Amino acid sequence: MGAMTLFKKGAEASLFLADWNGRKVVIKARLPKRYRPAELDAKIRSYRTAHEPQLMHKAKKAGVPTPTIFLVDMKNASITMEFVEGKQVKQVLPHASPKERQELCVKIGTLIGKLHKHGVIHGDLTTSNMILNGEGKIFLVDFGLGEKNAEIEARGVDLHLMKRALQSTHYETAAECFKHVQKGYAAILGREDAEKVFEKIREIERRGRYVDESKQAEFPLKGRVVFFATGNIHKFNEARSILTRLDIAVGMLRMKDVEIQSNSLMEIAQTSAREVFKRCRLPVIVEDAGLFIDALKGFPGPYAAYAYQTIGNAGLLKLMKKVENREATFKSAIAYCDSLDDPLCFEGKAAGEITKEERVGNGKSGFGFDPIFQPSGSAKTFAEMTLEQKNGFSHRAMAVRKFAEWYKKLQ
């Protein structure tokens, strides 16, 4: 292995250029994060290092070009892969002719269609993660946020992200480009199945009011409105279900928040709310939640999202194998901010236990660790409940109600 040159540093991994047995390669290295507990950090990096090549292999089998993997180093949490000579589609689209742009977008749609048809969700479909080589072949890269999932909801979210990426980066031709992406997508899935996904996209867009950071000054506010800053549509739906019944108008604000590393859910939520307010100057709520398992000394706690992305429900159940004490608590902290003063915080918690297997019913309101958490006083897991039933037990619902009770006094 020759000298390595850093050419891209991301939040999740760093990319290096290197020479490997006479080949120009990219080394994707997941370096240790000091803010995470060492044991958890090792598990997260190990899981992602193993998971990404698996998705890329499945994508190749589906007929989607991805860089060839040469080496997976589990010890050092790194992946050595082919360096694809070419340009990011992000760089190509603005200079393409209408015909070239159409052909390119139809190709992108067919690739996404092939992924989805074979149960692969990319998780970060942007034109920055697409490389066009000299032969006109498009390679998809960076499957770090991907998953194996064949549900229409997952497909809709994945394709909706593609639409949002086009609107953000290629706004002048976004509508035209996405129409051609849909054409290529439908050619692979078939019109009937594709239309179900397109309808899901429309549903996602109807679920809340999406506000672009660049257009905050143009946003017309009518009456008192509070915005839930989150990228998780499930969280938003649960909160909206409660708030709208209490006549509190709520919109979904897709904006990257600044998450600090802390063992305190309240501190994380308050810091994030303050930073979001500084950027949008709108009344916002931000939630942070965690799952605290007694037998694991509070793990995963505020790192629940990381734990779910890496080891998932199966991994957590494996850690709990043969453990008799299965008591656990879901906790939620909701911070409200409408000025530069310290955000107010409202907390909720739900005691219960970790089940011995995943249990999902027809309610379809569950996400994350919901299939393995059974709240006290119920025979169902969160994932077996309807949205209304879950809101009768959940930590998030309790925090939302506390916020609503206070907020109503302002009106």
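No lab work stands behind these numbers, since they all come straight from the coordinates. What you are looking at is a predicted structure, and each value in this text was computed from that prediction instead of being measured. Glycine also receives a Cβ, built like all others from the backbone with ideal geometry; neighbour counts cover every protein chain displayed.
So the values come out like this:
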item	result
Separation in nanometres of the label points that stand 7 Å from Cα toward Cβ, at ASN21 and LYS8	2.4
Surface/4 estimate of mean projected area, convex hull on alpha-carbon atoms of region 322-411, nm²	7.3
Max mean-square fluctuation residue, GNM over the chain, Cα-Cα springs under 10 Å, options PHE228, PHE292, PHE16	PHE16
DSSP beta bridge pairing in region 213-408, given as percent antiparallel to the nearest 5	80
Given charges at beta-carbon only (K, R positive; D, E negative), |dipole| of region 87-207 in Debye	160
P(r) tail fraction, region 213-408 - alpha-carbon pairs more than 20 Å apart, %	55
Unit charges at the beta carbon, dipole of the chain: most positive-side option, ALA62, ALA273, ALA175	ALA62
Sorted largest first, extent of region 87-207 alpha carbons per principal axis (Å)	34, 26, 24
Loop-resident sites, region 28-72, for trypsin sites (Lys or Arg not before Pro), counting at most 14 other Cβ within 10 Å (DSSP)	ARG34
Those chymotrypsin sites (Phe, Trp or Tyr not before Pro) in region 114-175 that DSSP places in a loop and that have at most 16 other beta carbons within 10 Å	TYR171
Amide hydrogen neighbours beyond the local backbone of VAL120, cut-off 5 Å, H modeled	ASN149
Cβ-based exposure ranking for VAL84, VAL284, in which fewest neighbours within 10 Å come first	VAL84, VAL284
Mean separation of Cα contacts under 8 Å, 6 or more apart, over the residue count of region 306-395: relative contact order %	26
Prolate/oblate/rounded call for region 1-155, Cα gyration tensor, a/c under 1.5 rounded	oblate
Amide hydrogen neighbours beyond the local backbone of LEU71, cut-off 5 Å, H modeled	THR80
Protection-proxy order for peptides 179-186, 69-76, 144-151, each taking the mean of Cβ atoms within 10 Å per residue, highest first	179-186, 144-151, 69-76
